[in-house]
Amino acid sequence: MDVMKNKKRVLTGDRPTGLTLPIAAYVGTLKSRVDGQSSYDTFVFVADYHALTTHYEDSKHILTNTLGLVKTYLSIGLDPNTVTFYRQSRIPQTFRLNVILSMLTKMPELERQPMLKEKLALGHKLTFGLMGYPVLMASDILIMNSDLIPVAKDNEAHIEIAKDLARRFNSTYGKVFNIPEGIIGEVVIGLDGQGKSGKSTGGIYFTDDSDTVKRKIMGMYTDPNRIHSTDPGEVKGNPVFIYHEYFNDNVEEVKDLKDRYQKGKVGDIEVKEKLFIAIEKFLEPIREEREKIEKKGDDYIFDVLKTGEERAQKVAGEIEAKVMEVMGF
Ligand code: TRP
């Protein structure tokens, strides 16, 4: 573990609000985690208490979703021998820091977070917990003294709050925290061309089988103004082409499809069938890996978490000791 000492720490997490993640998350943050795992001391955690900010009644699903999420991490190629995996709920230092940071947070800072408005628009209740979402997120980040935080664009404002709180703490009590930097990824739109591809707007998921993937792709929205396949079509903002850009590694083919689409020389079916082939090629090795992991059973996942949690608690314990010291408790 000593070799990790010289490496920058990358930290990120996901809320376990579903059994897996949409493949669009690969573009937003997952790919950068996989690519960076050998160069950075990578912490990937399941933000299980954060799931309660919008789904507090659903606490019984959190464990199942957590196991599903960790299996997703492992199947996309995050290596448990390199990455520190843990559950947020197992790091008590996070929640003690959350109390301290909440004292330093001004209400207007929380009121103007864009994600809050989105969540309220989706019908979530304005609870104290939802309001405090960014403070808890700042606690996740700061208690591990993280350097780099890969998140999708919708979390950008939260990273700013984390930086502000780190600076405010340091200047009030004494320097403890690094000022973390966000690595902001794109938010990929849903299959209907609306919103973020997530649990709420639907998408293609890592655990979808071929038939499901096919059905979803065939139902994807294209250019709404194009009536006949001989009409010139728009590729910009067109969900099928956005997904081609991200998931089809055959650059020539994508270029050819775009050209012909713009000239009215290709039908939606061909464009979608080629997208299906590309996404299947992306998903196939992930499915194979997942099968191997499923065979090892849940005990294996708990072992991975246990190892990670021991390390994460140690890191958090050291930071907390400094916090208490500079504050004079
Ligand atoms: N807010 C993240 C999401 O939208 C989850 C999260 C919670 C997180 N705490 C974090 C991400 C700390 C990065 C760092 O799913």
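The values are calculated or read from the model by the stated rules, or taken from the named source; none is laboratory data. Since we're looking at a predicted model, the values are computed, not measured. Note: ideal-geometry Cβ built from the backbone for every residue, glycine included; neighbour counts use all protein chains shown.
Which members of segment 140-161 meet the condition of being under 17 Å from the mean Cα position of the chain (by Cα) and closer than 16 Å to Phe95 by Cβ?
Of everything in segment 140-161, those that are under 17 Å from the mean Cα position of the chain (by Cα) and closer than 16 Å to Phe95 by Cβ turn out to be Asp140, Ile141.
Quick one: is Thr207 surrounded by 16 or more Cβ atoms within 10 Å (Cβ to Cβ) and among the polar types (S, T, N, Q)?
So Thr207 passes the test.
For residues that are among the polar types (S, T, N, Q) and closer than 14 Å to Gly13 by Cβ, scanning just segment 33-65, find the one that is surrounded by the most Cβ atoms within 10 Å (Cβ to Cβ).
Thr42
With respect to Tyr73, determine if the residue is away from the ligand (no atom under 13 Å from the Cβ), of a type in the set (Phe, Trp, Tyr) and more than 14 Å from the chain's Cα centre (by Cα).
Considered against the rule, which asks whether it is away from the ligand (no atom under 13 Å from the Cβ), of a type in the set (Phe, Trp, Tyr) and more than 14 Å from the chain's Cα centre (by Cα), Tyr73 comes out as no.
Quick check on segment 1-12. Is at least one of its residues away from the ligand (no atom under 13 Å from the Cβ), closer than 18 Å to Pro180 by Cβ, at pLDDT below 95 and aliphatic (A, V, I, L, M)?
Checked segment 1-12: at least one residue is away from the ligand (no atom under 13 Å from the Cβ), closer than 18 Å to Pro180 by Cβ, at pLDDT below 95 and aliphatic (A, V, I, L, M).
Being in contact (Cβ under 8 Å) with a residue 60 or more places away in the chain and in a helix (DSSP H, G or I) is the filter here, so list the residues in segment 1-25 that pass it. Steps first, please.
First, pick out the residues of segment 1-25 that are in contact (Cβ under 8 Å) with a residue 60 or more places away in the chain: 1, 8-13, 17-25.
Across segment 1-25, the qualifying residues are Ala24, Ala25.
Take segment 140-174 and flag every residue that is of a type in the set (Ser, Thr, Tyr) and over 23 Å from Ala25 (Cβ atoms).
Selection gives Ser171, Thr172, Tyr173.
Scan Phe128, Phe85, Phe95 and give me the residue that is more than 16 Å from the ligand (Cβ to nearest atom) and aromatic (Phe, Trp, Tyr).
Details: Phe85 fails: more than 16 Å from the ligand (Cβ to nearest atom); Phe95 fails: more than 16 Å from the ligand (Cβ to nearest atom).
So the residue among Phe128, Phe85, Phe95 that is more than 16 Å from the ligand (Cβ to nearest atom) and aromatic (Phe, Trp, Tyr) is Phe128.
For segment 270-297, what are the residues that are touching a residue at least 60 places away in the same chain (Cβ under 8 Å) and surrounded by 14 or more Cβ atoms within 10 Å (Cβ to Cβ)?
In the first step, residues of segment 270-297 are kept if they are touching a residue at least 60 places away in the same chain (Cβ under 8 Å); the result is 276, 279-280, 282-283, 286-287, 289-290, 293-294.
Result: Phe276, Ile279, Glu280, Phe282, Leu283, Ile286, Arg287, Glu289, Arg290, Ile293.
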